[in-house]
Amino acid sequence: MSKLSIRDLPLDGHRIFTRVDFNVPLDNGLVMDDTRIRETLPTIEYALRRGSRLILASHLGRPKGKPNPKMSLKPVAERLRMLLDKELRRGENVGFCPDCVGAEAEEMSGKLEKGQTLLLENLRFHAEEEANDEKFSLQLAKLADYYVNDAFGAAHRAHASTVGITRFVQKSAAGLLMEKELEYLGRALHNPERPFIAILGGAKVSDKIGVIQNLMDKVDGLIIGGGMAYTFLKAMNEAVGKSLVEENQLDLACKILQDTKTRKLNFLLPVDHILADKIDANAVVRIVSPGQPIPDNMMALDIGPKTIEAFTEEISRARTIVWNGPMGVFEVAPFAKGTFKIAEAVAENVAAISIVGGGDSVAAVRAAGVADKITHISTGGGASLEFLEGKKLPGVEALTEKA
Ligand code: AMP
């Protein structure tokens, strides 16, 4: 990586402002899932063990620029205390500041001692955060000497805490989680072990068109499942019934199909389907075999058994696998099998480097109980997609270049 890492910063005794992604689900003031907090622990512990005075900042939810007690990070501070207590016996050293900027934040961060942590209140309680406001960025920067970004999930946004602040601190570096994300995704894009395949699913072609176009030159195989497959199948003049089709993407789908042929790319679409007349757990479900049309009054909501077989075979041959997006409406039981089977197939290929991103596919590998067999589970859905599109992430670009 060409950017500074937290390992390159002089941490001892210094105030380190670390942007983390503590955007966790809360229910009645309780943290329902602390995965995101736990994933940041290596960076937090690394900094504390080396004598940093650590200031943590995050967004949570969409409070639209105004304080909202339901989206307070206070419960996160409590959970962080518990987690740090277990690991480092440092729990009692986690303070919480009810605002992320201003006199109190400056006083509390100024009083921090080595090895102590201060979690700031939700950055998005100020509209200036998302506006990447200069004055607000300066106020954040006043709290620290150095800046670390460990919030990969927010790196595709140019906000005050991801970009603006970097102009006003001495140096800006990637945290350990950020580094890991960039390393895995970067290696897949630039130096993958081959065969390299991408599995893309989810609702819309339009959301993933940039990824398809960028990956087309890099992968050996492209597997398309989920709702987005039906725009391609319709573009090939197949009968798709009431399945999800983006009419305004049909021309582009035709062009992509042509390009895959020119490039001799192994391009796999579903060949059989699980159908229903509505998205409902009690709907009457039917399988349509390869070569049979999808009836006008039915929609395809999952991939069928022959497709699972074909996709699994392609997956088993790969040495690098990137997966983003479910193969069907996996939230509804009768249409979940395809996504779970693909999760298992990816996990079973232990010879491959597997990278799974996007909320739904990550949820699927966890629900299938195979998360521990995936090489890298990305913490940033939107950010990982933009990375795969070949876009530069503003939160990464803003970090200091290695000398
Ligand atoms: P995305 O956010 O684009 O990754 O899309 C995820 C959503 O796509 C999930 O909520 C799925 O229910 C939905 N989805 C997947 N397959 C289909 C399908 N065949 N028809 C309709 N929706 C689908």
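Taken together, the values in this text are just the output of simple stated rules run on the coordinates, not laboratory data. Remember, it's a predicted structure, so these values are computed and weren't measured experimentally. Note that each Cβ is placed from the backbone with ideal geometry, even for glycine, and that neighbours are counted across all protein chains shown.
For the chain, take the longest principal axis of its alpha carbons; what is the angle in degrees between that and the long axis of helix 305-317, to the nearest 10 within 0 to 90? Here the helix axis deviates by roughly 60 degrees. Of the trypsin sites (Lys or Arg not before Pro) found in the range 31-81, those in coil by DSSP whose Cβ has at most 16 other Cβ atoms within 10 Å are Lys64.
The mean sequence separation of alpha-carbon pairs under 8 Å and at least six residues apart, normalised by the residue count of the range 1-59, gives a relative contact order of 48 percent. Against the main long axis of the alpha-carbon atoms of the chain, helix 337-348 sits at an angle near 70°.
Relative to the 2.2 N^0.38 Å rule of thumb, the range 249-364 has a C-alpha radius of gyration ratio of 1.13.
Of the beta bridges in the chain, as assigned by DSSP with both residues counted there, near 20 percent are antiparallel. Stretching the chain fully between Leu257 and Glu106 yields a gain of 48.7 nm (0.36 nm per residue, less the alpha carbon separation). Phi angles across the range 47-57 convert, under the Karplus curve 6.51 cos²θ - 1.76 cosθ + 1.60 with θ = phi - 60°, into 3J(HN,Hα) values of 5, 5, 4, 9, x, 6, 9, 9, 10, 10, 9 Hz, Gly and Pro given as x.
Under the criterion of Cα pairs below 8 Å and six or more residues apart, the relative contact order for the range 184-388 equals 22 percent. Looking at this model, which pairs from Lys142/Lys171; Lys278/Lys306; Lys218/Lys402; Lys208/Lys337; Lys218/Lys264; Lys242/Lys278 are more than 18 angstrom apart at the alpha-carbon? Those over the limit are Lys278/Lys306; Lys218/Lys402; Lys208/Lys337. Database remark: amide H of Val148 closer than 5 angstrom to the amide H of Phe17, Thr18, Arg19, Ala173 (H placed geometrically; neighbours at sequence offset of 5 or more, or on other chains; Pro and chain starts carry no H).
Sorted by mean Cβ packing within 10 Å, highest first, what order do the peptides 244-251, 204-211 take?
Numbers: 244-251: 15.1, 204-211: 18.6.
Put in order of decreasing packing, that is 204-211, 244-251.
To the nearest ten degrees, helix 250-262 and the longest principal axis of the Cα atoms of the chain are 80 degrees apart.
Once you charge only the Cβ atoms, +1 for Lys and Arg and -1 for Asp and Glu, what is the size of the charge dipole of the range 6-177 about its Cα centre, to the nearest 20 debye? Before the final figure, lay out the partial values.
Working: 26 positive and 25 negative charges, 31 e Å.
Once rounded to the nearest 20, the dipole reads 140 debye.
Size check on the range 6-177: the Cα extents along the three principal axes, sorted descending, read 37, 36, 30 Å.
Its Kirkwood hydrodynamic radius, worked out from the mean inverse distance over all distinct Cα pairs, puts the chain at 22.5 Å. About the centre of its Cα atoms, the chain shows a dipole size close to 560 debye [charges on the beta carbon of Lys, Arg (+1) and Asp, Glu (-1) only; nearest 20 debye].
Please list 345-351, 24-30, 222-228 highest first by mean number of surrounding beta-carbon atoms within 10 Å per residue.
Ranked from most to least packed, the peptides come out as 222-228, 345-351, 24-30.
Candidates Thr40, Asn28, Thr18 compared by Cα position along the dipole of the range 1-142: farthest toward the positive end lies Thr40, with charges placed on Cβ. When the Gaussian network model of the chain links Cα atoms closer than 10 Å, the mean-square fluctuations of Asn122, Asn324, Asn237 top out at Asn237. Considering all C-alpha pairs of the range 184-388, those separated by over 32 Å amount to 10%. Projecting label points 7 angstrom from Cα along Cα→Cβ for Lys135 and Gln213 puts them 4.0 nm apart.
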